[in-house]
1. For a quick check: sort I208, I283, I263 by the number of other beta carbons within 10 angstrom, fewest at the front.
2. Using the 10 angstrom Cβ neighbour count as an exposure proxy, how do S212, S271 rank, fewest first?
3. What are the lysines whose alpha-carbon lies under 28 Å from the alpha-carbon of K209, with same-chain residues fewer than 8 places away excluded?
4. Fewest Cβ neighbours within 10 Å first, please rank L210, L243 accordingly.
5. What residues have an amide H closer than 5 Å to that of S271, excluding those fewer than 5 places away on the same chain, when H is modeled at 1.01 Å from N in the peptide plane?
6. If you keep only loop residues by DSSP, which GluC sites (Glu not before Pro) in the range 195-283 have at most 12 other Cβ atoms within 10 Å of their Cβ?
7. Can you figure out the FRET efficiency of K220 with D190, using R₀ = 30 Å and their beta-carbon distance, to the nearest 0.05?
Amino acid sequence: MTAQPSGQRYSPDGRFWWDGTGWRPVDAAPPAPAPGQPGPAWSPPPFGHSPAVANPAGAGRPPGGAGPSGLPGPGLPGTAFPPPRGAVPRRPSKAGFLLALVGTLVATAVLGGLVGGISGMVTTEPPGNDSAPQFAAEFPTAERQYMTGVTLALVAEDWMKKSNSWVCSDTPTAETSGQSGKAMRCRPPDDDEREMYVTIEYDADDKIKLVSGRCHVGLKSKPCTTLAASLADAVLSPQGDQLRKQAEKWATENADSERVTTIGGIRLEASLDPHGMTATPGI
């Protein structure tokens, strides 16, 4: 490609001009005209238009014609021109850009909040899962309100009557804790409940809620300690010798205290007033 004798050629977007050997950005100053040759004439552009340069060398070309490289010639439609020599190109204002950016962000935030609020008002049902989760394994069920393996026959017949010859009879629930529908009280054959007795509360023969022994003989007395240990042994006997011995040992050591423990899912509670031992489900 050869340089033209006068004038410069520019890219279609007006950002580059041809110096005869390569394309240069318009920010660079154009080369000085050859000695004795007038430079391109400049004329003020109309209001709102970019500066343009006259191109006498382009005269006579057909409208819309192109230069040797196929690019539009100077002065033809689609051609941009650099500013006059010494002029500083105008660049976009940073303040204006920041104001436009902030305005866009504020408008986006307001629009997003408005859309979210309308969506919340239109929604009639809260989000959630239609299927209920399963209960945890340790969640109390109806069966856990009864002591594991303990039956009325085990306590009243085997422990009270056969092993100790006590006398058992039904009693009104008003005289007990009232936690169950039925109640039974056992006592020694020659005692009228002034010294010791055992209360059983239950809903059915195999649904025992409470077994409580009371002793008024005195603290640290052998009868009271034996009653507490025997009660713990009886209610844990269905769960094997290991737990049975553990419960009996704990009751013997804590018969004259106010302590609580849970063994094999059964809660053992020692008390001083009234003095005795109580077994309930360890929920």
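1. On the way: I208 26, I283 12, I263 19.
The order, fewest Cβ neighbours first, is I283, I263, I208.
2. Working: S212 21, S271 15.
In order of increasing Cβ crowding within 10 Å: S271, S212.
3. Once the sequence-local lysines are set aside, what remains near K209 is K161, K162, K182, K220, K222, K245, K249.
4. On the way: L210 20, L243 17.
Result, fewest neighbours first: L243, L210.
5. Under 5 Å from the amide H of S271 lie the amide H atoms of S257, G276, each far enough along the sequence or on another chain.
6. On the way: sites: E195, E201, E248, E253, E258, E269; in loops: E195, E258.
When the GluC sites (Glu not before Pro) of the range 195-283 are filtered for loop state and at most 12 Cβ neighbours within 10 Å, E258 remain.
7. Working: r = 23 Å, r/R0 = 0.77.
With R0 = 30 Å, the Cβ-Cβ based efficiency is 0.80.
Values quoted throughout were computed directly from the atomic coordinates according to the rules given, and no laboratory measurement underlies them. Not measured: the values here are computed from a predicted model. Backbone-built Cβ (ideal geometry, glycine too); neighbour counts: all protein chains shown.
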